[in-house]
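The values are calculated or read from the model by the stated rules, or taken from the named source; none is laboratory data. Just so we're clear, the structure is a prediction, and the values are computed from it rather than from any experiment. No Cβ is skipped: glycine too gets one built from the backbone with ideal geometry, and neighbour counts run over all protein chains shown.
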Amino acid sequence: MTDALGTNRAAPFDAAAKEAALVKESTSWDTSTVVEAADDDIPVVDVGRYFSTRDPSDLETPAATLRHALENVGFHQLTGHGIGSPSMETILDATRGFHDLPIETKRKILIDQPGHHVSSVGYMPIGARKLPSRERGNPNEAFLVKSDRNVGFDDNLWLPEETLAGFRAAVEQYSAQITDVALRLLPVYARALDLEPDFFAPAFEHPFSRLRLTHYPSNPTSDEDLGSYGIPPHVDTTFITLLLPDSPGLVIYSQLRDEWILVPLLPGAFIVNAGELLRQWSNDRVLRTRHFANNTTDASRYSVPFFFNATADYPMECLPSCWGPDNPPKYPTISYLQSQGVVQGE
């Protein structure tokens, strides 16, 4: 049975098969050669004027740059977002402070604790084989926080305040700031995809997000049980990801150059990319760019990615500007929960 879009709503979505296909694809990529980025490799989307005026006429310039980034590059640098350097340094300092704690202290809030009602929150140690899922352990460690309609800060795992004073407050403050930026970006994405500015508003009434405070240790170990990347090659499964790094280390695949390029650090900017869900929602109009991260220096590297998605059960039907008689929808209508293999009512 098909709907007005020609989408087969009866066709099931196999989340496990999708993940297996993504892993198989990522392990086939040749990442042996990485080059420095040229000045025009990664577009800079400046939303400062629009964020200041909220005037729809000020949407068109950043939307045009974003359109090019979405369709041809997959990544961009975001400036004019309104989060100042002090706030950026505060969350990076909080990340460093957490990971400086003794391992036995961090393991008190170990991820996926039996009996805890929220999965994939808390401390994920070096050697974990998830996020992304791989056969060998990932040589990074992270602290993870979730938020959605039914999950608030109190539902996450936290150390006592006396163990790391101010840490939770810093995480909550930054989470609020970066969520606000992501929501204010939605009209820019809508116009970039030839939609009305408020098109995405109903889908993000209760956005699902994950904040990850990541530490890449210096000179990763050669332990055979660990992979050879700080975080292995993959594509994000998100709507968008906003990354705050403290140093270079992110490598992306440039479709235009057919090369892997090292993303430069632009002070005050976020590195932003679309994920698999926006790619499907846009009927493959938007790229979800392959990438990985490394740290080959004598100093630790820290980064704070924010993974941003629509309300978890919102049905993402093919965007009206991204299909037509000669380009029918390629994917079934799907929610974030369904994309993760969660069936409503379970």
message = Looking at the range 54-78 only, could you name the residues that are under 20 Å from I271 (Cα atoms) and surrounded by fewer than 17 Cβ atoms within 10 Å (Cβ to Cβ)?
response = T61, A64, H68, E71, N72
task = Please identify the pairs in which a residue from the range 90-109 that is within 20 Å of P245 (Cα to Cα) and surrounded by 14 or more Cβ atoms within 10 Å (Cβ to Cβ) has its Cβ atom under 6 Å from the Cβ atom of a residue that is charged (D, E, K, R) and modelled with pLDDT of 95 or more, counting only partners at least 6 apart or on another chain.
result = L92/D246
key: Qualifying positions in the range 305-346 - assigned to a helix (DSSP H, G or I), more than 17 Å from the chain's Cα centre (by Cα) and at pLDDT below 95   = Q338
S87 vs. criteria touching a residue at least 60 places away in the same chain (Cβ under 8 Å), hydroxyl-bearing (S, T, Y), at negative phi and surrounded by fewer than 21 Cβ atoms within 10 Å (Cβ to Cβ) = yes
remark   = Within the range 142-169, restricting to residues that are more than 20 Å from the chain's Cα centre (by Cα) and either among the hydrophobic types (A, V, I, L, M, F, W, C) or under 25 Å from G230 (Cα atoms) (or both), the one that is surrounded by the fewest Cβ atoms within 10 Å (Cβ to Cβ) is A165
ask   = Listed residues W281, W260; which is under 18 Å from the mean Cα position of the chain (by Cα) and either on the phi < 0 side of the Ramachandran plot or among the hydrophobic types (A, V, I, L, M, F, W, C) (or both)?
value = W281
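Residue-wise test of (1) modelled with pLDDT under 95; (2) of a type outside the set (S, T, N, Q); (3) touching a Ser or Thr at 6+ places or on another chain (Cβ under 7 Å).
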residue	(1), (2), (3)
I109	no, yes, no
H116	yes, yes, no
S119	yes, no, no
R134	yes, yes, no
N140	yes, no, yes
L144	no, yes, yes
L157	no, yes, no
note = Given the conditions (1) in a loop (DSSP other than H, G, I, E, B); (2) β-branched (V, I, T); (3) modelled with pLDDT of 95 or more, every one holds for I252 apart from (1)
query = Among (1) at pLDDT 95 or above; (2) under 30 Å from I126 (Cβ atoms), where does V47 come up short?
reply = (2)
remark   = When restricted to S120, S57, S52, the only residue of a type outside the set (D, E, K, R) and under 29 Å from F292 (Cβ atoms) is S120
ask   = Looking only at residues in the range 293-337 that are surrounded by 20 or more Cβ atoms within 10 Å (Cβ to Cβ), of a type in the set (S, T, N, Q) and in contact with a Leu (Cβ under 7 Å, 6 or more places away or on another chain), which one is nearest to D236 (Cα to Cα)?
value = N309
request  = State whether the residues of the range 275-289 include one that is modelled with pLDDT under 95, closer than 22 Å to D246 by Cβ and buried (at least 18 other Cβ atoms within 10 Å of the Cβ).
outcome  = yes
inquiry  = Based on this model, can you work out whether P125 counts as touching a strand residue (DSSP E or B) at 6+ places or on another chain (Cβ under 9 Å), surrounded by 14 or more Cβ atoms within 10 Å (Cβ to Cβ), free of Cβ contacts under 8 Å to residues at least 24 places away in the same chain and under 24 Å from I231 (Cβ atoms)?
reply    = yes
ask   = Can you list the strands (runs of 3 or more DSSP E) found entirely within the range 15-125 that contain at least 3 residues being under 19 Å from the mean Cα position of the chain (by Cα) and of a type outside the set (S, T, Y)?
value = 75-79
